[in-house]
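Report on one structure; see the data block that follows.
FYI, it's all coordinate maths here, none of it is from the lab. A quick note: this is a predicted structure, and the numbers were derived from the prediction, not measured. Cβ sites come from the backbone with ideal geometry, for glycine too, and all protein chains shown count toward neighbours.
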């Protein structure tokens, strides 16, 4: 199955990238970015699959299939959306997918390469989304985070997201646009 990004994209984000770390930028992802995004997805699942006793070929086939299914879900369910590639010094380091309706923004997904985590880039990206949502103005930003992703949960809590519901595997969290730092 050939994967692609939809031609219709959202238009609510500001052109300014104020607040992003020096050298970090975002741009709309293109079909040519899919191989990097597939590698990023595989890296994000590596720890989870490390203990699964599969041959490498089976593990890779599973990851390729799961990436394709996730990509198809995101691009069909969230329309129109911003599918952003995060770059540092012109090199891809992550993704930031966002959807917006008349009331709220949904942070569909954020992922960074392991090599750049812990440098404040994820925090800066989420704060940038918060400022953009506040400026539109939107009421809130919502997201889902896996229960076992403690680092992300702590990040979102530091950025004033509050748990709204718990499915047992994921938390739905919301940030209400009252003030932006």
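With the cut-off at 1.5 for a/c, could you classify the range 1-52 from its C-alpha gyration tensor as rounded, prolate or oblate? Oblate, because a/c is 1.5 or more while a/b does not exceed b/c.
Seen through its C-alpha gyration tensor, with square-root eigenvalues sorted a ≥ b ≥ c, the range 1-90 comes out oblate because a/c lies at 1.5 or above while a/b is not bigger than b/c. Spin-label pair residue 12-residue 127: with each label point 7 Å from Cα along the Cα-Cβ axis, the two points sit 2.2 nm from one another. Here the Kirkwood formula puts the hydrodynamic radius of the range 46-151 at 15.7 Å, using every distinct Cα pair. Name the shape class, rounded, prolate or oblate, that the alpha-carbon gyration tensor gives for the range 47-103, where a ≥ b ≥ c are the square roots of its eigenvalues, rounded holds for a/c under 1.5, and otherwise prolate holds if a/b is larger than b/c and oblate otherwise. Oblate.
Between 168, 32, 122, the Gaussian network model of the chain with springs among Cα atoms under 10 angstrom shows the greatest mean-square fluctuation at 168. By the Kirkwood approach, averaging reciprocal distances over each pair of separate Cα atoms, the chain gets a hydrodynamic radius of 17.1 Å.
Across the range 111-181, Cα-Cα pairs farther apart than 14 Å form 60% of the total. Determine the gain in length on full extension of the stretch residue 56-residue 79; use 0.36 nm per residue of separation and subtract their C-alpha separation, reporting nm with one decimal. Answer, rounded to one decimal: 4.8 nm.
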